[in-house]
Amino acid sequence: AGSASGGLWKSTTGGSGENAWEYIRTGHQVLGVSAIEIDPIDPNIMFIGTGEAYGSSENFPGIGPQRTTRGSYGIGILKSTDGGLSWTKSLDWSLNQKRSVQKIHINPHRSESIWAATTDGMYQSLDGGGTWRNIHSIPMATDIAIHPIDTNIVMVTHGGMGSEGHGIYRTTDGGKNFTKANLVTGGGPAEYRGKAVLSMSLEKPDIVYASIGNSDGNLNYEDEDIRTWVMKTEDFGTTWNLVFTDTEILARVQGWYAHAIAVHPRDENIVWAAGQPFSLFKSTSGGSNFEAVSLVNVAGTTDDRENDVYPYLSDWADYHDIIYHPTMHDTVYFINDGGIFKTTDGGLTIENCNSGYQTVQFYNGVSNSNTNQNLFLGGL
């Protein structure tokens with residue numbers, strides 16, 4: 001698990017039980033870990049992407065005067081070949097370049113082929129991370145979907161904070177050429193100011209969902225244009241259709257930052273979605289309608305804090321990911337600013353998976369007492 005300001009963590013119990021997590025030292029100056037990818041062929045080989053930057057050099061410092069320094073900058077991509085015991089630089093950046101890595105994906109058929117979505121654009125390595133090229137230099141690359149049958153076909157997304165060139169792009173030649181999707185013909189937006197995230201069906205990989213946010217933090221939240229679009233393709237990005245849009249839920253407030261979508265690996269009609277400020281939503285109709293989900297904790301109640309491990313799921317917003325277990329499909333992980341939570345029964349009950357996972361993030365602004373050098377105050 002990667003944290004925003006607490007480095008890299010590992011659990012061997014799926015996050016369950018007391019002290020389920022241990023801190024992993026990388027030997028490098030790593031504060032934020034925003035991407036993790038494990039080689040599907042050799043799981044001892046793994047990559048982590050560092051930094052959690054909200055903007056890029058194209059639109060730095062980001063949104064509003066109040067968020068110029070929130071987040072953290074990265075040092076590129078680190079690689080391990082021994083299951084995380086040791087780490088070496090793969091994509092070598094410095095902190096003063098003010099960049100971060102949002103997502104890493106390894107080609108499922110050829111491990112030497114790796115894609116990385118970064119604030120600086122879409123990077124590709126064809127030699128297992130030895131060298132990298134920026135093959136699509138549109139700023140704020142956010143997500144990647146590699147077709148598991150023909151891995152020359154790849155979808156990537158770009159955009160955040162109103163950055164130029166935003167959109168969903170597709171290549172059919174392994175990244176040599178990209179074509180921007182026309183979302184308008186399917187009822188989607190001509191442009192958006194947030195980011196887009198993808199989720200591909202495991203059983204039917206031509207089916208991909210996209211959650212698209214329009215808020216960038218500067219717009220009036222009463223504006224009807226501040227909304228979420230959920231788009232769906234059934235031909236891996238050749239055409240897209242709007243299946244859901246709303247001005248009140250999902251990625252309404254932080255569409256530039258905090259929202260997620262996940263389709264069930266074996267049932268393309270079951271879709272989870274989340275955003276900010278509202279909680280989790282689930283669709284059983286292929287995304288045409290989403291219902292709010294109140295997950296019951298393992299003690300059997302929805303609101304009895306005495307029987308739950310703090311923090312309770314519903315106390316937190318800012319969802320960043322939803323991940324299905326690769327083989328046990330009733331197990332789903334939900335990742336938000338409160339940490340890591342999971343269900344093992346398809347969403348009937350919820351378990352807090354934060355024991356031993358000790359990370360915090362300071363908001364911009366801390367102070368020392370003028371009269372007591374040991375007194376230090378900051379907001380987390």
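The values are calculated or read from the model by the stated rules, or taken from the named source; none is laboratory data. Bear in mind that the values here come from a model prediction, so they are computed numbers and not experimental data. Glycine gets a Cβ as well: all are built from the backbone with ideal geometry, and neighbour counts include every protein chain shown. With ligands, DNA and RNA removed, areas are computed over all heavy atoms of the protein, side chains included. Shrake-Rupley method; radii C 1.70, N 1.55, O 1.52, S 1.80 Å.
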Inset, instruction - Collect residues whose amide H, placed 1.01 Å from N in the peptide plane, falls under 5 Å from the amide H of Ser215; neighbours closer than 5 in sequence don't count. - result: Gly194, Arg227, Gly255, Trp256
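May I ask you to order 230-241, 265-276 by the average number of other C-beta atoms within 10 Å around their residues, highest value first? Display every interim value, and only then the final one.
Numbers: 230-241: 19.1, 265-276: 21.6.
Order by mean packing, descending: 265-276, 230-241.
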Inset, instruction - Starting from the exponent 0.38 and prefactor 2.2 Å, build the expected Rg for segment 5-53 from its residue count and divide its actual Cα Rg by it. - result: 1.24
Inset, instruction - Just the number, please: carbon plus sulfur as a percent of the accessible area of the chain, 1.4 Å probe, no ligands or DNA/RNA counted. - result: 48
Inset, instruction - Please work out whether segment 62-197 counts as rounded, prolate or oblate from its C-alpha gyration tensor, where a ≥ b ≥ c are the square roots of the eigenvalues and a/c under 1.5 means rounded, while otherwise a/b larger than b/c means prolate and anything else oblate? - result: oblate
Inset, instruction - Compute the separation of the alpha-carbon centres of segment 351-370 and segment 231-266 and state it in Å as a whole number. - result: 31
Legend entry - Segment His109-Lys204, length gained on full extension (0.36 nm per residue, minus Cα span): 32.5 nm
Inset, instruction - Could you grab the relative contact order for the chain? Cα pairs under 8 Å, six or more apart, rounded to a whole percent. - result: 11
Inset, instruction - Skip the ligands, DNA and RNA, and give the accessible area per residue of the chain with a 1.4 Å probe, whole Å². - result: 45
Inset, instruction - Considering only Glu191, Glu52, Glu18, give the residue with the highest GNM mean-square fluctuation for the chain, with springs between Cα atoms whenever their separation is below 10 Å. - result: Glu18
Legend entry - Inter-site label distance for Thr247 and Gln373 at 7 Å from Cα along Cβ, in nm: 5.7
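Would you mind checking the pairs Lys103/Lys195; Lys232/Lys282; Lys204/Lys232; Lys79/Lys195 and listing those with alpha carbons more than 18 angstrom apart?
Values: Lys103/Lys195 13 Å; Lys232/Lys282 15 Å; Lys204/Lys232 13 Å; Lys79/Lys195 27 Å.
Correct reply: Lys79/Lys195.
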Legend entry - Estimated distance in nm for a label pair at Asp345 and Thr185, the labels positioned 7 Å out from Cα along Cα-to-Cβ: 4.7
Legend entry - In nm, spacing of pseudo-spin labels at Asp267 and Thr151 (7 Å Cα→C-beta vector): 3.1
Inset, instruction - Evaluate E = 1/(1 + (r/R0)^6) for His28 and Asp235, where r is the Cβ-Cβ distance and R0 equals 35 Å; express this FRET efficiency to the nearest 0.05. - result: 0.25
Legend entry - Matching label, Kirkwood radius over Cα pairs in Å computed from the structure shown, candidates (1) 22.1; (2) 21.1; (3) 31.9: (2)
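Could you compute the FRET efficiency for Thr12 and Asp42, with r as their C-beta to C-beta distance and R0 at 25 Å, rounded to 0.05?
With a Förster radius of 25 Å, E is 0.85.
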Inset, instruction - Place the peptides 181-187, 326-332, 253-259 in order of packing, highest mean first, counting for every residue the other Cβ atoms within 10 Å and averaging per peptide. - result: 253-259, 181-187, 326-332
